[in-house]
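Novice: My questions all concern the structure below.
The values are calculated or read from the model by the stated rules, or taken from the named source; none is laboratory data. Being a predicted model, the structure only gives us computed values, none of them experimental. Glycine gets a Cβ as well: all are built from the backbone with ideal geometry, and neighbour counts include every protein chain shown. Protein only, heavy atoms only, side chains kept; ligands, DNA and RNA dropped before computing areas. Shrake-Rupley method; radii C 1.70, N 1.55, O 1.52, S 1.80 Å.
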Amino acid sequence: TDLHHFLVIRHGKIINETSFFPYRKGEWHTTYSMSKTFTGMAIGLLVDDGKLKLTDRIIDIFGISGNLWNIVKFRELTVEHLLTMTSGVGFNEGGAVTGDEWLKGFLASSLKEHPGTKFSYNSMNSYILSAIVTKLAGKSMYEFLQERIFDKLGINQCFWETSPEGITKGGWGMFIRPEDAGKLGLLYLNKGRWKGEQLISEEFVTKATSKQVENDNFGYGYQLWMGQRPGSYVFNGMMGQDVRVYPDLDTVIV
């Protein structure tokens, strides 16, 4: 695919910023699955606030009742399984677009694998994480992130699509400028600190950006991919929407 934008941040400074015709500096771009990493940040905030534990079960959060089979199926599914793409749930975004009740569809779906046993990339895991944020924060995940992170980083030109249920899509649907995506990469590079303020705990960021599960690439953390270079990680979206973080070089590439 054609390159639209290229941005390099080194030691906290932009050292290269290039846009390629007909794309202009500062344009919004849809980021596809790069959005997932921002969803992971929102979960980290809830963990830091003490409103959520990664071991919390999905059936307890959403109060699944009245269907014993569903309770049995989902009794071991936790927040961490969603973060690491190991839920084993078969319901994916392809099924979601045919209906208006995505959360219900997920909770009523079959399990392909026992939770926690196998990496299986599924954007609906991220959508359920967004639904968790909405339930526990009392506002959309996009609003929650705006208040806690985006506003503090000066990110004020972005947009995130919602589902028919009014829930931030989580796994996709975010439009953001390259420079602002770079700021979010820099936030993780700096272990959750921004201008002297700890926005997300270092403990959560360290776990999020470390390999939690094996896959056919270099491993997966919390809603992001491990990079080929040791210690590196990638916020990745379809067709090359990437924020690549290289801690040993103190560098972020968008």
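Novice: Please list, in order along segment 27-33, the HN-Hα scalar couplings obtained from phi with the Karplus expression 6.51 cos²θ - 1.76 cosθ + 1.60 (θ = phi - 60°), rounded to whole Hz, x for Gly and Pro.
Specialist: Once rounded to whole Hz, the list reads 6, 5, 9, 6, 10, 6, 7.
Novice: So, one more: Could you tell me which of rounded, prolate or oblate describes segment 45-88, using a ≥ b ≥ c as the square roots of the eigenvalues of the alpha-carbon gyration tensor, with rounded for a/c under 1.5 and, failing that, prolate when a/b is larger than b/c and oblate otherwise?
Specialist: Here segment 45-88 falls in the oblate category.
Novice: Let's see if you can work this out: charge +1 on each Lys and Arg Cβ, -1 on each Asp and Glu Cβ, no other charges. What is the dipole magnitude of the chain about its Cα centre, in debye to the nearest 20?
Specialist: With only Lys, Arg, Asp and Glu charged at Cβ, the dipole is about 260 debye.
Novice: Next up: Dividing the convex hull volume of the alpha carbon atoms of segment 1-102 by its residue count, what do you get in Å³ per residue?
Specialist: It comes to 187 Å³ per residue, whole-number rounded.
Novice: How fast does segment 114-220 diffuse by Stokes-Einstein, in µm²/s, taking the Kirkwood radius from C-alpha pairs at 20 °C and 1.002 mPa s?
Specialist: It comes out at roughly 140 µm²/s.
Novice: Send over a whole-number figure in Å² for the accessible area per residue of the chain, probe 1.4 Å.
Specialist: Using a 1.4 Å probe on heavy atoms only, each residue of the chain averages 46 Å².
Novice: With no solvent and one equal point scatterer placed on each C-alpha of the chain, evaluate the Debye formula and give log10 I(q)/I(0) for q = 0.09, 0.13 Å⁻¹, two decimals.
Specialist: Values returned for q = 0.09, 0.13 Å⁻¹ are -0.37, -0.78.
Novice: Hey, in the GNM for the chain with a 10 angstrom Cα cutoff, which one of 108, 42, 181 fluctuates hardest?
Specialist: Result for the chain, Cα springs under 10 Å: 108 fluctuates most.
Novice: Also, I was wondering about something else. Residue 174's amide H: which non-local residues (gap 5+, or another chain) put their own amide H closer than 5 Å, with H modeled 1.01 Å from N in plane and none for Pro or chain starts?
Specialist: It is 31, 32, 35, 161, by chain and number.
Novice: Separate question: Quick one: if you stick a label point 7 Å off each Cα along the C-beta vector at residue 113 and residue 15, how many nm between them?
Specialist: Distance between the two pseudo-spin positions: 3.8 nm.
Novice: Next up: Where is the GNM fluctuation largest for the chain (alpha-carbon springs, 10 angstrom cutoff): 56, 216, 180?
Specialist: Looking only at 56, 216, 180, the largest GNM fluctuation is found for 216.
Novice: I've got another one for you. Using the alpha-carbon atoms, what tilt in degrees (0 to 90, nearest 10) does helix 35-49 show relative to the longest principal axis of the chain?
Specialist: Here the helix axis deviates by roughly 70 degrees.
Novice: Over the chain, with a Gaussian network built from C-alpha contacts below 10 Å, which listed residue (15, 176, 128) shows the highest mean-square fluctuation?
Specialist: 15
Novice: Can you pull the percent of the chain's accessible area that's carbon plus sulfur, 1.4 Å probe, other chains left in place?
Specialist: 50 percent
Novice: Of the trypsin sites (Lys or Arg not before Pro) in segment 163-219, which ones lie in a loop per DSSP and count no more than 15 other C-beta atoms within 10 Å?
Specialist: Within segment 163-219, the qualifying trypsin sites (Lys or Arg not before Pro) (loop, at most 15 other Cβ atoms within 10 Å) are 195, 211.
Novice: How would you classify segment 213-254 from its alpha-carbon gyration tensor, with a ≥ b ≥ c the square roots of the eigenvalues: rounded for a/c under 1.5, else prolate if a/b is greater than b/c, otherwise oblate?
Specialist: Oblate is the answer for segment 213-254, as a/c is 1.5 or above yet b/c matches or exceeds a/b.
Novice: Would you pull out the residues with amide H under 5 Å of residue 165's amide H, same chain only if 5 or more places away, H placed 1.01 Å from N?
Specialist: Under 5 Å from the amide H of residue 165: 102.
Novice: Mind giving me the FRET efficiency for residue 24 and residue 143? R0 is 25 Å, r the Cβ-Cβ distance, nearest 0.05 is fine.
Specialist: It comes out at approximately 0.30.
Novice: Spin-label point model (7 Å from Cα, Cβ direction): what's the residue 250 to residue 152 distance in nm?
Specialist: 2.2 nm
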